[in-house]
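The values are calculated or read from the model by the stated rules, or taken from the named source; none is laboratory data. From a predicted model like this one, the values you see are computed outputs, not experimental measurements. So basically every Cβ, Gly included, is an ideal-geometry build from the backbone, and we count neighbours across all protein chains shown.
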Amino acid sequence: MNDLQQASLILDGEVDRELILRARSAHQALRLRDQNLFDLFNLVENRIFFSPSQKAGGGSTSSAIGVLWMHPRHHWNQQDYIEFMIHEMTHTLLFLDERRYQHYRDYRLLSRKENFAVSAVLRKPRPLDKTIHSLMVAVEVLLYRHRIGSHVDAPGLHPNSNLMLESCKETIRSLERTPQLSLLVTDRVIELIQSSKEHLSHIEIPKHAVV
C-alpha cells in the first residue's frame, strides 16, 4: 500500500558526487565493523543508484527486489549511511521472506484503518505490512548499534536508541492489540514479532550514553 506516496518521491537529476563518495566509504566501513552484515548486504542488494528527492533519503520496493535507491542527506554522518544500508537491506530481506513464506492472508484487509498499527520509526498508525517492516527495521538498527556499541553516536537518520527501543515496544503492543491479528497475518509474521520481542529484551543501552 502506497500510504505515504512513496512512488512519487524520486526526481530526475544528479546527486552531489561528494555524497556518493561518502556512501562508498560507509560501505567499506561496514565491512570493517561487521563482515557478516557486509556480506549479507552485498548478497541481497544487487544494484544501487543515486537520484535526488525533496522528501526522502532513498528506499527500496518489492517490485524491484535487490535494487536500492539512495539520495543521502548532507547532514548524514558515516553511522547514518550504514544505518540506511541496514534499514533498506532489512526491507529487502522481508520482501524475500514474504515471497518464501507468505506474510498476509488477505491484502485487501491491510488498507482498512481498523487494521492499522503504530509504526516503530515514524510512530504513526500505518497499514499492517508497513508497521511490520518498520518494527523489523528498527530492531535491526538497534541490534547493530548494540553489537558495535554505537549508542553514543548522535543519530541523524533514525531516532535515538532510547526512543527507538520504546517505540519498538509500543509497536509490538499495538500489533498485539490489533483485532483478529491471526486472521490478518500468517504464523510466520507472528514468529517475526515474537523474535523481535526476544531480541529487544537483550538490548541494554548504557545510562551514560549520549543518545
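Among the residues of the range 66-93, which ones are among the hydrophobic types (A, V, I, L, M, F, W, C) and surrounded by 20 or more Cβ atoms within 10 Å (Cβ to Cβ)?
First pass over the range 66-93, keeping only residues among the hydrophobic types (A, V, I, L, M, F, W, C): 67-70, 76, 82, 84-86, 89, 93.
Correct list: L68, W69, M70, W76, I82, F84, M85, I86, M89.
Could you pull out the residue among R108, R99 that is at pLDDT 95 or above, surrounded by fewer than 19 Cβ atoms within 10 Å (Cβ to Cβ) and more than 14 Å from M136 (Cβ to Cβ)? Break it down into steps so the answer makes sense when it comes.
Details: R108 fails: at pLDDT 95 or above.
The unique qualifying residue is R99.
Within the range 87-111, which residues are touching a Leu at 6+ places or on another chain (Cβ under 9 Å) and either of a type in the set (K, R) or assigned to a helix (DSSP H, G or I) (or both)?
Restricting attention to the range 87-111, the residues satisfying the condition of being touching a Leu at 6+ places or on another chain (Cβ under 9 Å) are 87-89, 92-94, 97, 103-106, 109-110.
Residues satisfying the conditions are H87, E88, M89, T92, L93, L94, D97, R105, L109, L110.
Considering the range 117-162 alone, what residues qualify as being of a type in the set (G, A, S), over 14 Å from H87 (Cα atoms) and part of a helix (DSSP H, G or I)?
S161
So F84 fits all but one of (1) under 24 Å from T171 (Cβ atoms); (2) in contact with a strand residue (DSSP E or B) (Cβ under 9 Å, 6 or more places away or on another chain); (3) not in a helix (DSSP H, G or I); what number is the exception?
(3)
Can you go through T171, T131, T178 and tell me which one is of a type outside the set (A, V, I, L, M, F, W, C), surrounded by fewer than 22 Cβ atoms within 10 Å (Cβ to Cβ) and closer than 14 Å to V118 by Cβ?
On the way: T171 fails: surrounded by fewer than 22 Cβ atoms within 10 Å (Cβ to Cβ); T131 fails: surrounded by fewer than 22 Cβ atoms within 10 Å (Cβ to Cβ).
Exactly one residue qualifies, and that residue is T178.
Just to be sure before I move on: is S161 farther than 14 Å from H202 by Cα and in contact (Cβ under 8 Å) with a residue 40 or more places away in the chain in the structure I sent? Even if it seems obvious, please write down each step before you answer.
Details: farther than 14 Å from H202 by Cα: no; in contact (Cβ under 8 Å) with a residue 40 or more places away in the chain: yes.
Judged against the criteria, S161 is not a match.
Considering the range 61-114 alone, what residues qualify as being over 13 Å from the mean Cα position of the chain (by Cα), touching a residue at least 40 places away in the same chain (Cβ under 8 Å) and closer than 16 Å to R47 by Cβ?
W69, M70, H71, L96, listed by residue number.
How about the range 1-33: which of its residues are under 18 Å from the mean Cα position of the chain (by Cα) and modelled with pLDDT of 95 or more? Lay out the reasoning, then the answer.
Residues of the range 1-33 that are under 18 Å from the mean Cα position of the chain (by Cα), as a first pass: 1-7, 9, 23, 26-27, 30.
Passing the criteria: A23, A26, H27, L30.
Spot the failing condition for E114; the list is (1) assigned to a helix (DSSP H, G or I); (2) loosely packed, with under 13 Cβ neighbours inside 10 Å; (3) of a type in the set (D, E); (4) in contact with a helix residue (DSSP H, G or I) (Cβ under 9 Å, 6 or more places away or on another chain), and only one is missed.
Of (1) assigned to a helix (DSSP H, G or I); (2) loosely packed, with under 13 Cβ neighbours inside 10 Å; (3) of a type in the set (D, E); (4) in contact with a helix residue (DSSP H, G or I) (Cβ under 9 Å, 6 or more places away or on another chain), only one is false for E114: (4).
Output the number of residues of the range 10-65 satisfying the condition of being charged (D, E, K, R) and under 16 Å from E83 (Cα atoms). Working first, answer last.
Here is the first cut: in the range 10-65, the ones charged (D, E, K, R) are 12, 14, 16-18, 22, 24, 31, 33-34, 39, 45, 47, 55.
After this cut, where a residue has to be under 16 Å from E83 (Cα atoms) as well, the list is 22, 24, 31, 33-34, 39, 45.
The total comes to 7.
Across the range 25-65, which residue is surrounded by the fewest Cβ atoms within 10 Å (Cβ to Cβ) among those that are among the β-branched types (V, I, T) and in contact with a strand residue (DSSP E or B) (Cβ under 9 Å, 6 or more places away or on another chain)? So that I can check it myself, show each step before the final result.
Initially, the range 25-65 is screened for residues among the β-branched types (V, I, T), giving 44, 48, 61, 65.
Add one more test, that the residue is in contact with a strand residue (DSSP E or B) (Cβ under 9 Å, 6 or more places away or on another chain), and what stays is 48, 61.
On the way: I48: 17, T61: 15.
Result: T61.
What do you reckon, is S119 under 20 Å from T171 (Cα atoms) and either more than 15 Å from the chain's Cα centre (by Cα) or assigned by TED's automatic domain parsing to the domain that holds V67 (or both)? Steps first, please.
On the way: under 20 Å from T171 (Cα atoms): yes; either more than 15 Å from the chain's Cα centre (by Cα) or assigned by TED's automatic domain parsing to the domain that holds V67 (or both): no.
No: the conditions fail for S119.
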